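One structure below.
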Amino acid sequence: MLNIVLFGPPGAGKGTQSAKIKEKYQLIHLSTGDLLRSEIADGTELGLTAKKLMDEGKLVPDEVVIGMIDHKLKVNPDANGFIFDGFPRTVAQAEALDKLMEENSTAISGMIALEVSEEELTGRLLKRGETSGRPDDQNVDKIKTRIHEYESKTAVVANYYKSQDKFKSVNGIGDIEDIFNKLTKAIDAL
Ligand code: AMP
């Protein structure tokens, strides 16, 4: 199985590139942000709890996202593999993901990070906010909170995979196809 963690700050291009990777390698794309937004759209209790934190740009509790991923792994027993987008975002989530992978007799193949500067991220997110309808993309303070959450809780997750020798990074600035080509080279070398 090919199980990839696509990593990077908000606005790095994880969603765009995940869709292309999913297609090429026939993987199941699991975006915790998308799963949470679908809970909100369905008006579930989980969605209601998550919405306030998401609108503020703060992370939702680990057990919420871990539970959603656990469920998705269980309902897709015959998958070729998974691409995790926006998960894990804390070391506790990374540890839980390793356990879940083990329970399913598989493992994370590697983490690939998209490297993008903070100036570029804020501009990209504000531009996306013009069409995405996402409240967390439409306000500079919320974007700052998201980038701060990334720097304080998420960036360190890279070290978790580095210590397992499973980390690679590619430059996330430039043409979408060029970035995709770099990503596929990194994936093929896993
Ligand atoms: P995203 O679509 O990945 O930018 O996620 C949007 C928001 O959903 C984040 O700002 C968090 O509030 C929440 N979220 C998504 N994934 C996670 C995660 N793995 N852990 C905690 N919160 C998350």
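The values are calculated or read from the model by the stated rules, or taken from the named source; none is laboratory data. Given the structure is predicted, the values throughout are model-derived calculations rather than measurements. All Cβ positions, even for glycine, are placed from backbone atoms using ideal geometry, and neighbour counts span all protein chains on display. Note: areas computed on protein heavy atoms with side chains; ligands, DNA, RNA excluded. Shrake-Rupley method; radii C 1.70, N 1.55, O 1.52, S 1.80 Å.
Okay, here's what the table says:
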| read-out | value |
| --- | --- |
| ³J(HN,Hα) computed for each position of the stretch 4-13 - Karplus, 6.51 cos²θ - 1.76 cosθ + 1.60, integer Hz, glycine/proline x | 10, 9, 8, 10, x, x, x, x, 6, x |
| FRET efficiency for LYS144 and LYS20, using Cβ-Cβ distance with R0 set to 41 Å, rounded to 0.05 | 0.90 |
| Karplus (6.51, -1.76, 1.60) ³J(HN,Hα), θ = phi - 60°, over the stretch 47-64, in Hz, Gly and Pro reported as x | x, 5, 5, 6, 4, 4, 5, 5, 4, 7, x, 9, 6, 7, x, 3, 5, 5 |
| Alpha-carbon centroid distance for the pair the stretch 64-135 / the stretch 1-46, whole angstrom | 6 |
| Dipole moment magnitude, nearest 20 debye, the chain about Cα centre, only Lys, Arg, Asp, Glu C-beta charged | 180 |
| Solvent-accessible area, 1.4 Å probe, carbon plus sulfur percent, for the stretch 91-190 | 48 |
| Built amide H within the under 5 Å cut-off of PHE82, gap 5+ | LEU2, ASN3, ILE4, ILE28 |
| Amide hydrogen neighbours beyond the local backbone of PHE167, cut-off 5 Å, H modeled | MET111 |
| Set of lysines near LYS185 by C-alpha distance (under 25 Å), chain-local residues within fewer than 8 positions excluded | LYS14, LYS20, LYS22, LYS24, LYS162, LYS166, LYS168 |
| Solvent-accessible area per residue, Å², over the chain with all protein chains present [probe radius 1.4 Å] | 50 |
| Efficiency of FRET from Cβ geometry, ALA186 and GLU63, R₀ 22 Å, rounded to 0.05 | 0.10 |
| Top positive-direction residue, dipole computed over the chain with Cβ charges, set THR16, ILE179, LEU6 | ILE179 |
| Alpha carbon convex hull of the stretch 2-188, volume per residue in cubic angstrom | 114 |
